[in-house]
Amino acid sequence: MTEERDVLVVGAGFAGLYQLHRLRGLDLDTRVIEAGSDVGGTWYWNRYPGARCDVESMSYCYSFSPELEQDWTWTEKYPAQPEILAYLRHVAARFDLRRDITFDTSVTDAAWDDDRRRWLVRTDDGEEISAHWLIWATGCLSIPKTPEIEGLEDFTGRILSTARWPHEGADVAGERVAVVGTGSSGIQAVPQLAADAAELTVLQRTPSFSFPAFNRPLADDEVAERKAHYPQWREAQRASGFGVPVQPPTRSALEVSPEERDATYQERWDQGVLTAVSSAYTDIRTNPAANETAAEFVRERIRDTVDDPDTAEVLSPRSYPLGTRRPCLDTGYYETFNQPHVRLLDLTATPLLRATATGLETTAEHLEVDTIVLATGFDAVTGALLAVDPRGRDESLSEHWAAGARSYLGLAVAGFPNMFTVTGPTSPNVLSNMVISIEQHVDWITDAIAQGAEVMEADPAAEEQWVADTSAMVAGTLYPRADSWYIGANVDGKPRVFLAFVGGIAEYRRRCDEVAAADYRGFTLTRAPAEVGA
Ligand code: NA7
């Protein structure tokens, strides 16, 4: 039997939980389907040692409830995965959200029924749900990317994935461990794994720019101060580029002396904030020469930290500008390479050939290991949507996106009526504090649904224009100079389209609000026949 609902939401992470809460406010009958056994999304799955958010805890939390803001007290500058998960569990309990969430269940397909003007959704439990609205709250980094390492299935030791870390933990004490991947996950896990492993080898293909987090417990008085001024802080977050307030730049990096520039970079480095250094001057994201001054400052810090000059050089990114691939925040990452049992293996010099029964083989050596840790990233932003591949009015999403992801405002897709994507492609998503972006999207979607249309659909021309506008914005930056997952480069065959809005969250919000204020310009809203002319 087909269950009838007003809204079906896929995913119960930060996005799905808030979306459910807001839809209850409209009195809509909502059901949430979640693949995990609990709420949390990203923070449910990514339990590897060292997993931590790199947006500060008192900024990486919901702003919709002042009471929640006051009642919840974060303990560290940067929250570790267990604390974020505890927070989301608290939110689920506090707002009584679990009763509308079905766990351990995946949506397997979704198709728009143009006659009934509803979505028909199926789950891996064999259930069929018909919904007036379908909202994807599936996250941007939720489908782990399996690396194309030949023979991995022949390895007889243990393979762990940072994105699917065992809930009971994984003891590597006394083991020989290889970590493949040096993005945020690898960089956070390496110091922790090094503390237990007998030998740790880090296999690096592309080095990341990583900044020290200077993580620490939060003092009572700073928590009280923030809580006393939360509304102003939230305003500053929303007015900022990434949802993380930093002192805005006023000058070009090239108009100040090298001494002054380095002093500025050092001051921002010491803040331990992901975007602080790259926001020091107006042109770091647009001018290669300006960017190089900041990049070289970071390389200098790597050389200061790592004892062996060859290792420091291999850890120093040179193939792309600072900020064009996701930078990282770390706790003791570079220092880890000074430990005698830790080794860096440069896969650009000696590429990885294959896995064997007992380890990993490069062009130079056979590395015998007990455990391989894969920190090899995700099929970002579009992966979870295309895994289901919903079918719209005339075509599937994969057909519509054959040449790359297209959307209107990152919220809706032409030909996919009554469907919204929270933090979808070409919204600020991965270039922003996710929680702030999620709240803005959910609020916008909820207001749109409250218009009471029977069918709401993005116009193809509006989508076309949005794609043109956002692509032009990217072309004015240095982002296209990097092969990054921002552009789909990490997944074989993924069409190259920049997946995030680069104009900053304040500008993005302005554009979304403007569309809503202009009677949802670029959307067609159809009323139910009975209501027409009423
Ligand atoms: P990332 O940032 O995509 O990092 C994945 C890493 O894995 C990266 O260093 C890759 O090197 C490496 N990789 C991937 N496949 C291979 C193979 N086959 N061989 C060797 N190395 C490989 O993912 P993370 O999970 O670390 O971080 C994702 C985001 O989560 C992060 O930015 C935060 O937003 C939170 P490559 O760069 O492709 O040369």
Some residue of region 290-307 being part of a loop (DSSP other than H, G, I, E, B), among the β-branched types (Val, Ile, Thr) and closer than 29 Å to Gln237 by Cα: no
What are the pairs with Cβ atoms under 8 angstrom where one residue, in region 220-248, is β-branched (Val, Ile, Thr) and the other, located anywhere, is not in a loop (DSSP other than H, G, I, E, B)? Sequence gap at least six, or different chains. Val244/Gln237; Val246/Arg268
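Need a quick list: helices (runs of 4 or more DSSP H) entirely within region 4-115 having at least 1 residues that are under 21 Å from the mean Cα position of the chain (by Cα) and farther than 20 Å from Val388 by Cα.
On the way: elements: 14-25, 42-45, 66-71, 81-94.
Result: 14-25, 42-45, 81-94.
May I ask you to verify whether Leu409 is on the phi > 0 side of the Ramachandran plot and among the aliphatic types (A, V, I, L, M)? Let's see the steps before the verdict.
Details: on the phi > 0 side of the Ramachandran plot: yes; among the aliphatic types (A, V, I, L, M): yes.
Considered against the rule, which asks whether it is on the phi > 0 side of the Ramachandran plot and among the aliphatic types (A, V, I, L, M), Leu409 comes out as yes.
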Gln188 vs. criteria within 16 Å of the ligand (Cβ to nearest atom) and either touching a Phe, Trp or Tyr at 6+ places or on another chain (Cβ under 8 Å) or outside any loop (DSSP other than H, G, I, E, B) (or both): yes
Within region 203-216, is there a residue that is outside the structural domain of Pro428 (by TED's automatic domain parsing), in a helix (DSSP H, G or I) and in contact with a Lys or Arg (Cβ under 9 Å, 6 or more places away or on another chain)? no
Taking region 428-444 and keeping only residues that are in contact with a strand residue (DSSP E or B) (Cβ under 7 Å, 6 or more places away or on another chain), outside any loop (DSSP other than H, G, I, E, B) and buried (at least 24 other Cβ atoms within 10 Å of the Cβ), one is left with Asn429, Leu431, Ser437, His441
Of the conditions (1) surrounded by 17 or more Cβ atoms within 10 Å (Cβ to Cβ); (2) free of Cβ contacts under 8 Å to residues at least 12 places away in the same chain, Glu260 fails just one. Which one is it? (1)
Of Leu352, Leu322, Leu315, Leu360, the only residue that is farther than 30 Å from Val474 by Cα and buried (at least 21 other Cβ atoms within 10 Å of the Cβ) is Leu360
Is there a residue being hydroxyl-bearing (Ser, Thr, Tyr) and outside the structural domain of Trp112 (by TED's automatic domain parsing) anywhere in region 360-367? yes
I'm checking my understanding of the structure. Among residues of region 473-493 that are touching a helix residue (DSSP H, G or I) at 6+ places or on another chain (Cβ under 9 Å) and either within 11 Å of the ligand (Cβ to nearest atom) or not in a helix (DSSP H, G or I) (or both), which one is farthest from Leu409 (Cα to Cα)? Val491
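The values are calculated or read from the model by the stated rules, or taken from the named source; none is laboratory data. Source: prediction; values computed, not measured. So basically every Cβ, Gly included, is an ideal-geometry build from the backbone, and we count neighbours across all protein chains shown.
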